[in-house]
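Inspection log for the structure reproduced underneath, given as C-alpha cells.
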Amino acid sequence: MNRREFLRTVAYASMWAAGQRCFGWSLTTEPLGGAGLDEGSGLARADLEKLFDAIAEAHAKEPFIVTRTRWLAALFDHVRLAANADDAFVHWFADCDLPGRRCWLRLKAFSESAPERKLCGKWTTATNGAWRARLDTSHTCPDWESILALGPKGLADRARKRRETAKTDDERLFLDCVTEVYDALSRLCVRWAAVAEKRGMPACAESLLAIAERPPRTLREALQLSLVYDRGQEAEGECVRSQGLFDRLYVTFYRNDLAAGRETRASAKALIADYFTRLYAQGHPNGKNIGFGGYDAEGVPVWNELTELAFELHDELNRPNPKLTYRFGKKTPREQLEKVTRCLANGRTSIVFANEEVLDEMFRRRGKSAEDIVQYVLVGCYEPGIQGREIVASMAAEVNLAKPLEAVFNNGKDFAGFPVGPACALPENAEAFEREYLRQLDAMITSAVETARLCERSWYDLNPAPFMSGGYRDCIEKAKDSSQGGCRYNQSGIMCGGIGTVADSLAAVRALVDEQKLVTMAELGEILRADWKDREDLRLRAVRAAPKWGNNDDRADRPAKCVFDAVAARINAEPNGHGGTFQAGFWSIDLDKPFGDCTAATPDGRKAKTPISRNNSATAGCGKEGPTALLLSNAKLDLAESADGHIADVILPASLAKASFGAAGIAAFLRSYFEMGGQSIHLNCFDPSTLRDAMAHPENYPDLQVRVCGWNVRWNALSRREQLHFLATAEAQAKP
C-alpha cells in the first residue's frame, strides 16, 4: 500500500466513523500498512469504484437490493486479498468499506430528503443532547448454527431450494440475491486459497478450498469459515457483534479432531489462540463478543473442553479483545464459575456475566420460546438477543434521561431553547416536580421512537442485507429480507442513559427545596441556568449532603425505580418500524460524555457540560458506600423489564480481589448479586494508588486494562479526562 492509498484509507475511515456515529454503521478496517496484502490478487480501489459506479447505473431502476447484491458479488470476485504465513487463518481484504460506505451516503441523503426526516441519524448535538435516533445495523448476531452446518455453498443451495416454492416476484428476487452473494462467497474462498498457497500457508489454503465446496468438518475449517463470514457481513455493512456461543458451536469439531488424531489439545489451543488473535487484529473499537456457558435445553449448565480452553487462553493472552460473555445461574457449579473469576482476580476483566434466571424471565415476557432462549447471547456490549433468530438493533435510539430536568424548569424547553416536551408551569414541590419530569420524559421518548420508527420503515429501501439475511434460517423460510421483518424476532432497542444523575437530581430537589428549604424551585432553576455561579455553597451541599443513587439509600433509589418503571412500561409496548416492538435498555456506554456536553447543570450538583452518570453506576465520586451498596441499589429494579439490557459497573480494589476475595470471593460476590435479581455485571479490579501511579508513570503499565463501559482498553490509551473519571470512581468505591 503506497502513501497515497494509505492516506485515502485514513480519509475513508474518518468518513466511515462519521457514518457510524450517525447511523450505527460499523466496519472493521484492514490493519494499518496493509500487512500481507497481495496487490496482484484483485483490482485497485479506483477500478473497484468504477465497477461499483457501473453497477449502480445499470440497476438504478431496480430495487436497491439488486445493486447491493451486485456490489458485494463484485467485491468478492475482484477485491485484493491478504494472507500472512505467520497466521493460521486469513481474515481481511482491502477496500472492505466500499459497499457499506455507499449505503451510508444513501442513508445521509435520506435524512436530508424531507423535513420530517431531518433528525434521522443525526448526532446528539442536533437535539441538543436530548436524544438521537437512527437505523441501527451495527448490532447483530449471525445464525452461526446455519452457517457452520451448511457453509457458503449450502447456504446458496438452501435459497435455491426455497425459491422453488416462492409465491411472489419479491420473494424470488430476495432468494436470487441470497444465492448470488453466497455463490460469490464460495468463489472468494477459492481465490483466497490461491493467495494463501502462494504465501506458504498450505493448511489454510486447504481449509478454504474445503469450505468453498462443503460445510466445515474440522475445527480449523469451522474457525476459518467464521472469519470469512465475519468479513463478508461486515463488508456488506452490518457489524458482527457476537461470534455466538463458542463452546456449543465448536465443541463437536474439536472432539472429532481429537478422536481422528488430526489435533491434540495443544494444537487445538494454538488454533483457537490464533482465531482470538485474528479478532484482536481487526482493531474493532468496541470489541468482539464471544459467548460461553449458560444452561442447555435440559437445564444443565454448559461447561466443556472449549469453555475451559477459552478462559485459559483469555488469562494467558491478556488482551482487551475479544471480550467474553459468561452465562451462569443458580445451577452453575462453584468450581466452574471460579475458573472464570480467576481471570478477574488476575486483572483480565474483559468479561461480562449474564444471569440465566433473570434473562430467561425477561425473554419469556417478550414472547420468546424456551427453545430459543437457551441460545441467547449478549450482542455488542451487554444487549441480550437470540443467536441467529434476531438482529437485536439495540441502539435504534439513545435517550438522555437527564435532559428533561431542564424542561421542567423552563416551560418544556431546555435552557438553550430546544423543545423537549409540552409547555408546563413550574412545579411547587418535589412531588409535582417528579410528575412533570416524567411527563417531559414521556414526550421526549415519543420524539425519539417516532424518528427511529421512521428510519426503520424505510429499512429495505435504505439497507437491504442479502448476505446477512441469507444466513438467517427464518429469513429464508419467510423469503424475506431481515430489513422487512424476516427474522423470527424483530425488536429494536432504545438505550436510556443517566439514571444516576436523574435519581440524584430528584432526590436533591426534595432535599434542597422541600425538606431543608434552602432555596425555592424558581431560585433553583435560575441557579442551574447560571451553572451554579456564586452558589458554590449550595452546589457542594447538593453534592455532599443530598442522597445519592448507588449507595443503597431509598431516598435516591425510590425515584430511580419510579423512572425505571415508567420508561420500561412506555418503551416495551411501543411498536417499531419493522414488525416488532421497541425494548428499553438501561445503559449508556460512553455516551455519558457527549450527553453531558449538551446538558445544563443539574440539581444534584453536577455542573454544565460535564458527564452524566455512566450506565447504572453511581455518579463518579459519589458511590461512597462501595460496590455492595451499588448492587443493592440496582437490585431494587425489576431488571427483567430491561429488555434491551442492563449492566452493573463495579470496581473492586485489586488488593481485595487478589487477597481477601480471590476467585472464590469474586464468584460469591457475583452470585449474591444474581440471587438478588441482577441481570448482567462486569468488573474492574484495580486500586486507586495503582491508577495514580499509572497516570504519573505510564511507561510502567503497558498492559494495564480498564473495562470502559462495554469493552476493554489499555489504560494508556485513555484520555486524561477518562483516567480521572476512573480514579474518582475507584476512590469512592474503595470498600467492599
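Could you name the lysines whose alpha carbon sits less than 24 Å from that of residue 478, not counting residues in the same chain fewer than 8 places away?
Answer for residue 478, where 24 Å is the Cα cut-off: 153, 161, 167, 368, listed by chain and number.
May I ask for the distance between the Cα centers of segment 320-386 and segment 65-89, given as a whole number of Å?
Result: 33 Å between the Cα centres.
Could you work out [θ]222 nm for the chain from helices alone, using -39500 (n - 2.57) per DSSP H run of at least four and dividing by all its residues? Round to the nearest 500 deg cm²/dmol.
Numbers: 29 runs with 363 residues, N = 736.
-15500 deg cm²/dmol, from helical runs alone.
Once phi is turned into ³J(HN,Hα) by the Karplus curve 6.51 cos²θ - 1.76 cosθ + 1.60 with θ = phi - 60°, what whole-Hz value does each residue of segment 249-261 show in order, with x for glycine and proline?
Along segment 249-261, the couplings run 5, 10, 5, 5, 4, 4, 5, 5, 4, 5, 5, 8, x Hz.
Using a Debye calculation, one point per C-alpha and no hydration shell, please list log10 I(q)/I(0) for segment 558-611 at q = 0.14, 0.24, 0.26, 0.29 Å⁻¹ in order.
Debye curve over Cα of segment 558-611, log10 I(q)/I(0) at q = 0.14, 0.24, 0.26, 0.29 Å⁻¹: -0.56, -0.97, -0.98, -1.01.
Looking only at Cα atoms, what is the convex hull volume of segment 422-522 per residue, in Å³?
Each residue corresponds to 126 Å³ of Cα convex hull volume.
Does anyone have the angle between helix 3-23 and the longest principal axis of the chain? Alpha-carbon axes, 0 to 90°, nearest 10?
Helix 3-23 sits roughly 50 degrees off the main axis of the chain.
Only counting other Cβ atoms within 10 Å, I'd like 609, 478, 517 sorted with the fewest neighbours first.
In increasing order of surrounding Cβ atoms, one gets 517, 609, 478.
May I ask you to work out the translational diffusion coefficient for the chain at 25 °C, viscosity 0.890 mPa s, via Stokes-Einstein with Rh from the Kirkwood sum over Cα pairs, reported in whole µm²/s?
Rounded, D is 93 µm²/s.
Neighbour counts of other C-beta atoms within 10 Å: give me 495, 468 arranged from fewest to most. Please report the intermediate quantities before stating the final value.
On the way: 495 26, 468 29.
The most exposed by this proxy come first: 495, 468.
Please report Rg over Rh for segment 96-241, where both radii come from the alpha carbon positions and Rh follows the Kirkwood definition. It would help to have the intermediate numbers written out before the result.
Details: Rg = 19.2 Å, Rh = 17.6 Å.
Here the Rg-to-Rh quotient is 1.09.
Would you mind putting 312-321, 252-261, 503-512 in packing order, based on average other-beta-carbon counts within 10 Å, highest first?
503-512, 312-321, 252-261
Using mean Cβ contacts within 10 Å as the protection proxy, how do 343-350, 559-566, 42-49, 235-242 order, highest first? Display every interim value, and only then the final one.
On the way: 343-350: 22.4, 559-566: 20.5, 42-49: 16.1, 235-242: 26.5.
Answer by packing, highest mean first, reads 235-242, 343-350, 559-566, 42-49.
Using modelled amide H (1.01 Å from N, peptide plane; none on Pro or chain starts), what sits under 5 Å from the amide H of residue 704, excluding residues fewer than 5 places away?
It is 715, by chain and number.
I'd like the per residue volume of the convex hull spanned by the Cα atoms of segment 434-489, given in cubic angstrom.
It comes to 90 Å³ per residue, whole-number rounded.
Above 25 angstrom, tally the Cα pairs of segment 302-406 and express them as a % of all pairs, no decimals.
When every Cα pair of segment 302-406 is considered, 33 percent fall beyond 25 Å.
May I ask you to list the aspartates and glutamates whose Cα is less than 14 Å away from that of residue 118, ignoring any residue fewer than eight positions away on the same chain?
450
If you place +1 on the Cβ of every Lys and Arg and -1 on the Cβ of every Asp and Glu, how big does the dipole about the Cα centre of segment 200-298 come out, in debye to the nearest 20?
Working: 12 positive and 13 negative charges, 54 e Å.
The dipole of segment 200-298 has a size of about 260 debye.
Over the Cα atoms of segment 681-723, what radius of gyration and what Dmax do you get, in Å?
10.0, 30
I'd like the orientation of helix 98-111 relative to the chain: the angle between its Cα long axis and the longest Cα principal axis, in ° from 0 to 90, rounded to 10.
40
What is the fewest-to-most order of 225, 727, 524 by other Cβ atoms lying within 10 Å of their Cβ?
727, 524, 225
Does anyone have the angle between helix 356-365 and the longest principal axis of the chain? Alpha-carbon axes, 0 to 90°, nearest 10?
Approximately 90 degrees, to the nearest 10.
Counting only residues 5 or more places away or on other chains, whose amide H sits under 5 Å from the amide H of residue 608 once H atoms are built in the peptide plane?
For residue 608, the qualifying residues are 601.
Which whole-number percent of Cα pairs in segment 578-736 have a distance greater than 27 Å?
So the portion of pairs separated by more than 27 Å is 26 percent.
Using the per-residue mean of other Cβ atoms lying within 10 Å as a proxy for protection, in what order, highest first, do the peptides 670-683, 296-309 fall?
Taking the mean over residues of other Cβ atoms within 10 Å, the ranking is 670-683, 296-309.
Taking N as the number of residues in segment 453-570, what value does Rg over Cα atoms divided by 2.2 N^0.38 Å take?
1.73
Equivalent-ellipsoid semi-axes (√(5λ), Cα gyration tensor) for segment 122-162, whole Å, largest first?
The answer is 40, 11, 6 Å, longest axis first.
If you average the C-alpha positions of segment 468-526 and of segment 134-208 separately, how far apart do those two centres end up, in angstrom?
36
Find the relative contact order for the chain and round it to a whole percent, using C-alpha pairs within less than 8 Å whose residues are 6+ positions apart.
Details: 1548 pairs, mean separation 104.2, N = 736.
Dividing the mean separation by the residue count of the chain yields 14 percent.
Using each residue's phi in segment 428-439, evaluate 6.51 cos²θ - 1.76 cosθ + 1.60 at θ = phi - 60° and report the 3J(HN,Hα) Karplus result to the nearest Hz, with x for Gly and Pro.
Result, ordered by residue: 8, 8, 5, 5, 5, 4, 5, 4, 5, 4, 5, 5 Hz.
Give me the Kirkwood hydrodynamic radius of segment 31-105 in Å, from all C-alpha pairs, to one decimal place?
For segment 31-105, inverting the mean 1/r across all distinct Cα pairs yields 13.3 Å.
Residue by residue, what Karplus-based ³J(HN,Hα) values in Hz, rounded to whole numbers, does segment 561-577 have, using 6.51, -1.76 and 1.60 with θ = phi - 60° and x for Gly and Pro?
Residue by residue, segment 561-577 yields 5, 4, 5, 4, 4, 5, 5, 4, 5, 5, 8, 5, 9, 8, x, 9, x Hz.
Here, each number is a calculation from the coordinates, and none is a lab measurement. This one's a predicted model, so the numbers in the text were calculated from it and none came from an experiment. Positions of Cβ are generated from backbone atoms using ideal geometry, with glycine treated the same way; all protein chains shown enter the neighbour counts.
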